[in-house]
Amino acid sequence: MAKDDELVAAKKAYRSAKEVGNRREEARWANVIGDILKNRGEYVEALKWLRIDFKISSEYLLEKDLLPTCQSIGELYLRLQDFGNALYYQKEHLRLAKEANDLVEQQRANTQLGRTYHEMFSKSENHSALHNARKYFKSAMSLAQTLKENPPHPKSSFLKEYIDAHNNVGMLEMDLDNLGEAKRILTRGLEICDEEEVNVNDDGRSRLHHNLGFVYTQLRMWHKAREHIKQDILICKNIGHLQGEAKGYNNLGELYVQVQKFQEARCSYQKALELATSMEDEYALAGQVEQNIRVVDEYVKVMEDMKKEEQNLKKLKRSMATAKGTSSERKCLRLQMASLDRLIEKTIVVSAWPKHREFAKMKKRIASTLCDKEKLGDSFLVAGESYQKLRNFQKAWKWYNKSLEIYKRIGNLEVRLSTYQLFRCFGYSFIRLHKL
């Protein structure tokens, strides 16, 4: 049945229930209409119908009948980024589920609360929100496992909830930069899908692929990242999940940005924007994608400036042939150093970390020739940052430590920055071993 026909049929069923005074069916069909509109991205209109459902359920039905209503309204407010209202209805959902001793609804409520707090953390890096997300997601996974092993009804497997729990906990590990653990948990989720012969177009699979795409992008495993992202996009397209498809293309754009394929990134973002704007109330996602497009356009300009600066550096290197051994030699080396500093700044902007490492090592050689200890310390620090971003932490530690030793020798206050970088890379244990 076409989506418009589905909506027309649901509204007809709602009117019929209202005419005969069947409050339960009236509320149920209002919820169905809200769900259809939500999936079409018409969130404001969907909210109107869900409020009708809530009003009928509150006035005429039992408290337990409010459970699906609270869940739907909470999810909708989350999509609208109205975290306060989302949390209100989700906590009400959890309260009602506990009072009814309904483990199924408790599991759903914990999952939604975890997602809301996770989204709050992603917007503001509020660590209290991250703590709450972890608490609710862990509770949801525990309940999902209990329900899977001891289902309350013979035909209920609770497999979907168990798979989604893997996705949610995997997301938390991503936020904590525990990428190895995130990959393990998310991959296990996909393995469960295969073991249990879950439909290839299941939305749970799409979420796992989406997050694995992000993880592999961070791990700089480009081929695997692209495979998972494209699988996410394909599933969302097949099931008509416009928001998921848009997010998938946004994810693909971010992958292309990381490898400096800005034209491909812009095409991916443009596709994401078309999908986001086709949904009536998906303003937050559309705004995020528009910002990504503007950033990519700036990156293109930076790359053009980089090419010009690289040409300038090559000219300066050629001039060394005549300057070597003369009074102009140091001046030429200083000009090369300044050119490298400009290039290093630009590589940071566009995340071109292999180039960043290359320029850092050139800077080290020139600083050594000039016997400039401060610049040598700077070059070690920059090289450490390169290796950290390239996720070669052992080499990052080596270069940061070299920088730290030089700064300590010359008494430079920049030692604080070097120590801070070491702290981020290796944690507090390093600071305890190197008290300044």
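Counting beta carbons within 10 Å around each of Asp378, Asp102 and listing the fewest first gives the order Asp102, Asp378. Shown is the FRET efficiency for Glu329 and Ile410, computed with R0 = 30 Å from the Cβ-Cβ distance and rounded to the nearest 0.05: 0.80. Each label was represented as a point 7 Å from its Cα along the Cα-to-Cβ direction; for Lys98 and Lys373 these points are 6.2 nm apart. Modelled label positions at Arg342 and Arg24, each set 7 Å beyond Cα in the direction of Cβ, lie 7.6 nm from each other.
Could you tell me which of Leu285, Trp222, Tyr14 has its Cα farthest along the dipole of the chain towards the positive end, charges placed at Cβ (Lys, Arg +1; Asp, Glu -1), taken about the Cα centre? Positive-most Cα among the choices belongs to Trp222. Extension gain, Asn85-Ala13: 0.36 nm per intervening residue step, less the Cα-Cα distance, totals 23.0 nm. Residues considered: Leu212, Leu176, Leu186. Largest GNM mean-square fluctuation over the chain, using C-alpha springs under 10 Å, is found at Leu176.
Anything over 24 Å Cα to Cα? Flag those among Lys261/Lys364; Lys314/Lys408; Lys324/Lys389; Lys324/Lys375, in the order listed. Intermediate values should be presented prior to the final figure.
Working: Lys261/Lys364 29 Å; Lys314/Lys408 34 Å; Lys324/Lys389 35 Å; Lys324/Lys375 21 Å.
From Lys261/Lys364; Lys314/Lys408; Lys324/Lys389; Lys324/Lys375, over 24 Å: Lys261/Lys364; Lys314/Lys408; Lys324/Lys389.
At an R0 of 41 angstrom, the distance between the Cβ atoms of Asp175 and Thr322 translates into a FRET efficiency of 0.15.
Between Lys331, Lys398, Lys375, the GNM of the chain built on Cα springs shorter than 10 angstrom shows Lys331 fluctuating the most. Counting only Cβ charges, +1 for Lys and Arg and -1 for Asp and Glu, the dipole size of segment 164-271 around its Cα centre is about 640 debye.
Legend: ranking of residues Cys332, Cys371 from fewest to most surrounding C-beta atoms inside 10 Å; resulting order Cys371, Cys332.
So if each residue of separation counts as 0.36 nm, and I subtract the Cα-Cα distance between Lys48 and Val300, what length gain in nm does that give?
Numbers: separation 252, 0.36 × 252 = 90.72 nm, distance 4.38 nm.
This chain segment gains 86.3 nm when fully extended.
State which stretch of the chain is the longest one without any exposed GluC sites (Glu not before Pro), exposure meaning a DSSP loop state and at most 11 other Cβ atoms within 10 Å. Write out the running numbers ahead of the final one.
Numbers: sites that count: Glu125, Glu197.
Formally, the longest exposed-site-free interval is 198-436.
Among Ser368, Ser386, Ser351, the residue with the largest mean-square fluctuation in a Gaussian network model of the chain, with springs joining Cα atoms closer than 10 Å, is Ser368. Taking 23 Å as the straight-line reach from the Cα of Lys11, the lysines in range (excluding those fewer than 8 positions away in the same chain) are Lys3, Lys38, Lys48, Lys55. If the segment from Arg365 to Ser351 were pulled out straight at 0.36 nm per residue, it would be longer than the present Cα-Cα gap by 2.8 nm.
In the neighborhood of Met221, defined by Cβ-to-Cβ distances under 14 Å, what is the net charge if each Lys or Arg adds +1 and each Asp or Glu adds -1?
+4
Once you have the alpha carbon radius of gyration of the chain, what is it after dividing by 2.2 N^0.38 Å, with N set to its residue count?
Numbers: Rg = 27.4 Å, N = 436, 2.2 N^0.38 = 22.2 Å.
The chain yields a ratio of 1.24.
Here the simple spin-label model places points 7 Å from the Cα toward Cβ, and for Glu197 and Lys155 these points are separated by 1.9 nm.
Counted by Cβ distance under 12 Å from Asp194, the other residues give a net charge of -3, where Lys and Arg count +1 and Asp and Glu count -1.
In what sequence do His93, His356 fall when counting other Cβ within 10 Å, fewest first? Could you put the intermediate results ahead of the total?
Details: His93 27, His356 24.
Least to most surrounded, the residues fall as His356, His93.
What is the percent of Cα-Cα separations in segment 199-300 that go past 17 Å? Display every interim value, and only then the final one.
On the way: 2482 of 5151 pairs.
The answer is 48 percent, as a whole percent.
Values quoted throughout were computed directly from the atomic coordinates according to the rules given, and no laboratory measurement underlies them. Computed from a predicted structure; not experimentally measured. Neighbour counts run over all protein chains shown; Cβ positions are idealised from the backbone, glycine included.
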